[in-house]
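Novice: Could you have a look at this structure, given as structure tokens, before my questions?
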Amino acid sequence: MGSSPHQVSDVMTRAVVAVGRKALFKDIVERMAEWKVGALPVLEGDGRVIGVVSEADLLPKEEFRDSDPDRFTQLRRLSDLAKAGAVSAEELMSAPAVTVHGDATLAEAARIMALRQVKRLPVVNSEGVLEGVVSRGDLLKVFLRPDNDLADEIRRDVVDVLFPAPVEPVHVIVSDGVVTLTGRVGDASGIELAARLARGVEGVVGVDCRLTAADSHAG
């Protein structure tokens, strides 16, 4: 019904660079530099995502290049020390990969990124085959929606549905993503819902709800 891009598939990048499990360290670095990305999905032959190799996985090689870590560091940084000696994607990658499905909401993707502390997520189908990549920047694309588009959607999907016959016209003004709702409606019970639904429209930064109800002036 709405035109908001509610799903990951609406904002993800479909042209994705990836590597196979046998890709060598230098090839991985070169691809990251060429495509200006900080992580690459690692694929099996059928395109199934089996891991992700990131800049964080590559840095231990430089960190421990000339060092002779003590016993405590060896125990505490065992995984990083192993990656310092790694030469291929399958040795370097973090597995299993943290992924997301294309039909996930943007909020779900943002929550996964925050909880797992990653900046990009491979987008996979039900078989785990790569379909794209979604980044933090992709999730923020919704805030580039024009104010007029936001206002049109809120009028159509919120105001016209909740208040088909307002006491006074309900005005929707959007400026820099901030929505202002003004007017008088017949029933106060819809006001809080209108504010919540407007806030849920993708690209809305904030809502200033100034709606009043006719019954609030009765008596």
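No lab work stands behind these numbers, since they all come straight from the coordinates. Computed from a prediction, not measured in an experiment: that's the story for all the values here. Please note: Cβ atoms are built from the backbone with ideal geometry, for glycine as well, and neighbour counts cover all protein chains shown.
Novice: Using only C-alpha atoms and all pairs of different ones, pull out the Kirkwood radius for segment 95-219 in Å with one decimal. Don't jump to the answer; show the numbers that get you there.
Specialist: Values: mean 1/r = 0.0603 Å⁻¹.
Averaging 1/r across every pair of different Cα atoms and inverting gives 16.6 Å.
Novice: Further question: Residue 91 versus residue 13, label points 7 Å from Cα toward the beta carbon: distance in nm?
Specialist: 2.8
Novice: Add +1 for every Lys or Arg and -1 for every Asp or Glu among the other residues with Cβ under 14 Å from the Cβ of residue 197, and state the total.
Specialist: -1
Novice: So, one more: Pop the C-beta distance of residue 214 and residue 31 into the FRET formula with R0 = 45 Å and round what comes out to the nearest 0.05.
Specialist: Step by step, r from the Cβ atoms, then E = 0.10.
Novice: Sticking with this one: Say each of residue 115 and residue 103 gets a label point 7 Å from the Cα, pointing the same way as Cα to Cβ; how far apart are those two points in nm?
Specialist: 2.0
Novice: Given a Förster distance of 35 Å, report the FRET efficiency between residue 55 and residue 176 from their Cβ-Cβ distance, rounded to the nearest 0.05.
Specialist: Values: r = 34 Å, r/R0 = 0.97.
Result of the calculation: an efficiency of 0.55.
Novice: Which percentage, to the nearest 5, of the DSSP beta bridges contained in the chain is antiparallel?
Specialist: 60
Novice: Between Rg and the Kirkwood Rh of the chain, both from Cα atoms, what is the Rg to Rh ratio?
Specialist: That ratio is 1.19, to two decimals.
Novice: Based on the Cβ-Cβ distance of residue 168 and residue 188, what FRET efficiency does E = 1/(1 + (r/R0)^6) give at R0 = 22 Å, to the nearest 0.05?
Specialist: 0.95
Novice: Right, something else. Tell me which residues come under 5 Å, amide H to amide H, from residue 204 once H is placed; ignore anything under 5 positions away on its chain.
Specialist: Residues meeting the criterion, in which the H sits 1.01 Å from N, do not exist here.
Novice: A follow-up question, please. Explain nothing, just compute: Karplus ³J(HN,Hα) = 6.51 cos²θ - 1.76 cosθ + 1.60, θ = phi - 60°, for every residue of segment 172-184 in order, whole Hz, x for Gly and Pro.
Specialist: The phi angles translate into 10, 10, 10, 9, 6, x, 8, 9, 10, 10, 9, x, 10 Hz.
Novice: I've got another one for you. If amide hydrogens are placed 1.01 Å from N in the peptide plane, which non-local residues have theirs closer than 5 Å to the one on residue 12?
Specialist: none
Novice: Given bins 5 angstrom wide, list per bin the percent of all Cα-Cα distances in segment 21-65, short to long.
Specialist: The distribution over segment 21-65 is 5, 20, 30, 25, 15, 4, 2, 0, given as percents.
Novice: Could you identify which residue out of 94, 54, 126 has the top mean-square fluctuation in a GNM of the chain using Cα springs shorter than 10 Å?
Specialist: Looking only at 94, 54, 126, the biggest GNM fluctuation is shown by 126.
Novice: In the P(r) worked out for segment 145-217, what percent of Cα pairs fall beyond 14 Å?
Specialist: 51
Novice: So for each of 12-20, 160-168 I average, over its residues, the number of other beta carbons within 10 Å; can you give me the resulting order with the highest mean first?
Specialist: In decreasing order of mean packing, 12-20, 160-168 become 12-20, 160-168.
Novice: Once every DSSP H run of n ≥ 4 in the chain is given -39500 (n - 2.57) and the sum is divided by its residues, what mean residue ellipticity at 222 nm do you get, rounded to the nearest 500 deg cm²/dmol?
Specialist: Working: 10 runs with 75 residues, N = 219.
So the helix-based figure for the chain works out to -9000 deg cm²/dmol.
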